[in-house]
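Input: a single structure, listed below in structure tokens.
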Amino acid sequence: TFADSTFSDLGAGGVRVGVAELDAPPANDNALLRLNVSGGGAVWREGVGVLVQRGLRNRIEECEISHLGYTGVSIGWEWGYAKPSGGGGTLVRDNFIHHIGRWELADMGGVYVLGDNPGTRIERNIIAHVSPYHVYGWGVYLDEGASGVVVENNLVHHTHGGGLHLHFGHTNSVERNVFACA
């Protein structure tokens, strides 16, 4: 458990759990609770507020993630269906994710999911002011092969590209959300 901590004025991102390599040990059963991550991407604009790669049953709850040059929360790490993502069962709940993008980078989101992530839930979050460079900035972005994800009871507003984007995937559920001012 990692809780009640502040990360600010960051050269890149805030918190990273796991790594991208397929042969690395999984990053399972971690709880990131009540974190405040802000002002990231001062040197490497692509820094993510909270990044979870190849992990099962991780929780990101009650965090405030803001003022980043790129994505707020990123989950998974495998494009398409060719290889397993190594992820699933992640819970992203009750977070306030805002002022993401700063008009600097594109292909990003408040919450970004990549690859098969069965049992992952994105619920009761407020995601606001997602501003990419030119295009492709979404509130909730289910990218290539994102599957088995539940997106429920979120408020998403003032996003440049749209409230929700599904690149391709299957068995996702999107219910009882409010997507406004996109």
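The values are calculated or read from the model by the stated rules, or taken from the named source; none is laboratory data. Just so it is clear, the structure is predicted and the values come from calculations on it, not from any experiment. Virtual Cβ from ideal backbone geometry, glycine too; neighbours counted across all protein chains shown. When the accessible area is computed, the model is the full protein with side chains, heavy atoms only, and any ligands, DNA or RNA have been set aside. Shrake-Rupley method; radii C 1.70, N 1.55, O 1.52, S 1.80 Å.
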**Message:** Here is a check on your reading of the model: is residue 40 open to solvent by less than 70 Å² (accessible area, probe 1.4 Å) and closer than 23 Å to residue 138 by Cα?
**Reply:** yes
**Request:** Consider only pairs whose beta carbons are under 7 Å apart and that are at least six residues apart or on different chains; among these, list those whose first residue lies in region 56-81 and is within 10 Å of residue 146 (Cα to Cα) and of a type in the set (D, E, K, R) and whose second residue is crowded, with 24+ Cβ neighbours inside 10 Å and at pLDDT below 95.
**Result:** 78/85; 78/115
**Message:** Any residue at all in region 91-109 that's under 19 Å from residue 55 (Cα atoms), open to solvent by 30 Å² or more (accessible area, probe 1.4 Å), in contact with an Asp or Glu (Cβ under 7 Å, 6 or more places away or on another chain) and among the charged types (D, E, K, R)?
**Reply:** yes
**Message:** Criterion first (touching a Pro at 6+ places or on another chain (Cβ under 8 Å) and open to solvent by less than 10 Å² (accessible area, probe 1.4 Å)) does residue 88 satisfy it?
**Reply:** yes
